[in-house]
Amino acid sequence: MRKKKIAFAVAAAAVVAGGAFANGPHQVNPNRRPVFHVSLDGYQEVLPVSTTGRGSLSIHVAPDGESLGYTLRYSALIGDVLQAHIHFGRPAINGGIMVFLCSNLGNGPAGTPPCPGPHDGEVSGTLDASDVIGGASGQGIAVGEFAEVIATLRNGSAYGNVHSTLYPGGEIRGNIR
């Protein structure tokens, strides 16, 4: 009887683990919307940056796949925050900007919120096809191609990046997997 209980427990654990792996690089919430969470730090930058800055990015894809909601948090940045984006690029590879999360430079699409700061802040918003700027067009993502943005998130081919005055190429980064 004890061997049957142990065998059942092992089988149940395998089913649960298999379900976790089947979901791939994201979690699925009760509404069946993909949810991505990523931690940001200077060590994920290309080239790595020694900074006290840290952050997090959460992304929730709408059930119809036509928009996504995000929350970006960052703290203890050394430089003043300039802008933040989601880029098309794998770990250790820089890529083009797909969408702006915030900007203090006035260079984002209409409706881009300002980045709070100068060193700490939180910004949330909703993005859709009108927010895809075509900065990754040389990588196959043109203006407005929102489905391609979602595909890069699902395939672990995107990263969040916060740029600052001290590190204009990026002070903290997180690879979205």
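Could you order peptides 112-118, 122-128, 93-99 by the average number of other Cβ atoms within 10 Å of their residues, highest first?
Values: 112-118: 18.1, 122-128: 15.7, 93-99: 19.9.
Highest to lowest by the protection proxy: 93-99, 112-118, 122-128.
Just to check I understand the Karplus step: with θ = phi - 60° and J = 6.51 cos²θ - 1.76 cosθ + 1.60, what whole-Hz values come out for the stretch 135-146, glycine and proline as x?
In residue order, the calculated couplings are x, 10, 4, x, 10, x, 10, 8, 3, x, 7, 5 Hz.
How many angstrom lie between the Cα centre of the stretch 98-156 and the Cα centre of the stretch 48-81?
Measuring centre to centre over Cα atoms gives 11 Å.
Go from 0 up to the bin containing the longest alpha carbon distance in the stretch 26-176, width 10 Å each, and give me the % of pairs per bin.
For the stretch 26-176, the pair-distance distribution reads 13, 46, 35, 7, 0.
Exposure proxy check: Y43, Y70 ranked by fewest other beta carbons within 10 Å? Let's see the in-between values first.
Numbers: Y43 11, Y70 20.
Placing the least packed residue first, the sequence is Y43, Y70.
Any read-out appearing in this document is the output of simple, stated calculations on the displayed coordinates, not a laboratory observation. All values derive from a computational prediction rather than experimental measurement. Methodologically, a virtual Cβ is constructed for each residue, glycine included, from the backbone with ideal geometry; neighbour enumeration extends over all protein chains shown.
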